[in-house]
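The values are calculated or read from the model by the stated rules, or taken from the named source; none is laboratory data. This is a predicted model, so every value here is computed, not measured. For neighbour counting, all protein chains shown are included, and Cβ atoms are generated from backbone atoms with ideal geometry for every residue, glycine included. Note: accessible area is taken over every heavy atom of the protein model, side chains too, but ligands, DNA and RNA are not part of it. Shrake-Rupley method; radii C 1.70, N 1.55, O 1.52, S 1.80 Å.
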Amino acid sequence: MSCKTKKHITIWMIQPALRQYIEESVIPQYDHFDAAHRRDHVLMVIRQSLDMAERMGVRRDMAYVIAAYHDVGLCEGRERHHEVSARMMKADRRLREWFSEEEIQMMADAAEDHRASAAREPRTIYGRIVAEADRFIDPETIIRRTVQYGLEHYPQLTHEEHYARMMSHLHEKYGRGGYLHLWLEDSPNAARLEELRAMMTDEASMRTLFERFFRQ
């Protein structure tokens, strides 16, 4: 059975009413965020979270809701979006149809703990799962999203300033000594992170990718 088929089956194992609620009321919120945090991003985090939850034998429905909610707090800005996401989840009365108060608190804690710049380790396995899923490292995707974010949030920058901002962000977050942490052992992200770091030392490759995504 292919990985694609397994993931397709996993999503359909979520209770239909819960899945319908999330798909109709939560996921559409991402359509209003910046290009790096729209629907394609949350769907990727959901797929990765469900895959890890299945492999680790933990609640798929909880992993699903956490992934869906993890960035909704961007509606109030980026700086404290993880805390806002947690608050919005706890305030959602509909979730009481499927989860206990204790489970909702655990999911909210996981959403709050997902942020890459968090200094401490996530409090639960669910927090580690969503944090790892949110860090799904595909070098070209990361570079594209970094350029997209810069263009949307810093339109006043010149072409060269955008390139400098991209490289500064990549080194600050993904470079050796950067603030990104991987919280799961044997994560496939580890090998991809090394690939990204190698790319970051290749000026010609980085310029080529930047120009492609800048024009898009």
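Structural remarks
- The region of the chain that goes longest without hitting one of the GluC sites (Glu not before Pro) in a DSSP loop, each with at most 11 other Cβ atoms within 10 Å, is 80-184.
- Cα-based shape type of the chain, given that a ≥ b ≥ c are square roots of the gyration tensor eigenvalues and the cut on a/c is 1.5: prolate
- Acute angle (nearest 10 degrees) that the helix 3-12 long axis makes with the longest principal axis of the chain, alpha-carbon atoms: 40 degrees
- For the chain, the solvent-accessible area works out to 50 Å² per residue, with a probe of 1.4 Å and every protein chain left in place.
- For segment 37-146, the fraction of C-alpha pairs more than 16 angstrom apart is 55%.
- Pairwise Cα distances in segment 59-109 exceed 19 Å in 19 percent of cases.
- Rounded to the nearest Hz, the phi-derived 3J(HN,Hα) couplings of segment 193-209 under the Karplus curve 6.51 cos²θ - 1.76 cosθ + 1.60 (θ = phi - 60°) are 5, 5, 4, 4, 4, 5, 4, 5, 8, 9, 4, 5, 5, 5, 4, 4, 5, where x marks glycine and proline.
- Taking the chain and dividing mean pair separation by its residue count, relative contact order in percent (alpha carbons under 8 Å, at least six apart): 17 percent
- Overall form of segment 129-216 per C-alpha gyration tensor (a/c, 1.5; a/b vs b/c): prolate
- About its Cα centre, segment 159-216 has a charge dipole of approximately 160 debye under the convention of +1 per Lys or Arg Cβ and -1 per Asp or Glu Cβ, with nothing else charged.
- Each Lys and Arg Cβ is given +1 and each Asp and Glu Cβ -1; about its Cα centre, segment 31-150 then shows a dipole of about 60 debye.
- Carbon + sulfur, % of accessible area of segment 101-216 - ligands and nucleic acids excluded, 1.4 Å: 50 percent
- Measuring nothing but how far apart in sequence close Cα pairs (under 8 Å, 6+ apart) lie, relative to its length, segment 88-194 scores a relative contact order of 26 percent.
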